[in-house]
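Student: Here it is, the structure in full.
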Amino acid sequence: MDGALLSDTFVELTDTMVAGFDVIDFLHVLTDRSVQLLDVSAAGLLLADPRGELRVVAASSEAVRLLELFQIQSDQGPCLDCFRSGQPVQAADLAAEARRWPRFAPAAREAGFSAVQALPMRLREQVIGALNLFRAGPGAFDPAEVRVGQALADVATISLLQERNMRHSDTLNEQLQTALNSRVIIEQAKGKLAERLGMDMDMAFSLLRESARTSNRRLSDVAQGFVNGTEGLAGLNASGPRPRPPAPRPPNRPGF
C-alpha cells in the first residue's frame, strides 16, 4: 500500500472546510482512493435520503454505478445488508452466494465482479450509508485492507458531519438531499456529454469533474450549466484522453 497516498487521502477526506466544498466530489474522492489504495477493482457509495432509502451518490466506474442501482432496485445485496445491520458484510466468492442474493449475485458476476466487501458509513449508532468494494477475482479480503477501508469510510462520515456542524447546516438530511439532487443533474450531464462527444459515461464524468476543478466551481453547477446549454465545455474533448469502449452493464436495470 502506498503510504504517502494513504496519508494524502486522509488529509483530503478531512479537509472539508475549503471554500466551495463539494459533497459529490468529496464522495468520489472516497471511491477513487479506495480503488487506488486497496486491492479492489471498483468501489461504490450509497447514502440514505431523508426517508431512509439508499441512493447511489458515487462510484469509481459506470459499471459499478449500474450494479449499485440494481442492488437497490432488487432490494437485496451486501450494501443493503450492511446499511441495515450497521456491520461489515463480505462475500469472498459471489458464485456461492446465489441463495443469499439470488438476483444481485448473478448480476455482479455478469458485470465482472467475483467478490465484494461492504463497509458501513457510521458514527456510533448512526448509519448514513455504505461503501462497497468489488474485486474481479474471488477470495477473502485482507483484514488489514478491510480495516483501512473502514477507516476511510469512518473519516469520510465524520468529515460530512463536521462540515454540517461547522457551517451551521440545519440537518444532515438537508445536506444529503442536496447531494442526491445534484447527482441527478450530474447523470443528465454525463449522458448528454457522452452522446455529444461519442464517449463512454466514465470518460464523460471525468471531463465534467476536470472542468469543475479547473474552474474552481462545484461539479453540480458545471453539470447544470451544461444541461441548460450555458456551459459549453469547449475544448475538453480535444485535450482529454481518447474515448474507450463502454463498460459492461448489469442486465435489466433502468438508469438513475
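Read-outs throughout are calculated quantities, based only on the coordinates presented, and are distinct from any laboratory measurement. Computed from a predicted model, the values in this text were never measured in an experiment. For neighbour counting, all protein chains shown are included, and Cβ atoms are generated from backbone atoms with ideal geometry for every residue, glycine included.
Student: What distance in nm separates the two pseudo spin-label positions at GLN36 and ASP221, each 7 Å out from Cα along the beta-carbon direction?
Tutor: Spacing of the two 7 Å Cα→Cβ label points: 2.4 nm.
Student: In nanometres, what is the gap between the two model label sites at GLU195 and ARG51, each 7 Å from Cα along Cα-to-Cβ?
Tutor: Placing both labels 7 Å beyond Cα along the Cβ direction yields 2.7 nm.
Student: Stretch SER206-ASP8 to full length: gain in nm at 0.36 nm per residue minus the Cα-Cα span?
Tutor: 69.2 nm
Student: Okay, next question. Loop-only chymotrypsin sites (Phe, Trp or Tyr not before Pro) in the range 66-119, please: DSSP not H, G, I, E or B, and at most 11 other Cβ atoms within 10 Å.
Tutor: none
Student: For GLN73, put the label point 7 Å out on the Cα→Cβ axis and report which residues of the range 183-206 keep their amide N under 19 Å from it.
Tutor: 183-192, 201-202
Student: Mind listing which GluC sites (Glu not before Pro) in the range 18-68 are in a DSSP loop and have 15 or fewer other Cβ atoms within 10 Å?
Tutor: Those that pass, being in a loop and sparsely packed, are GLU53.
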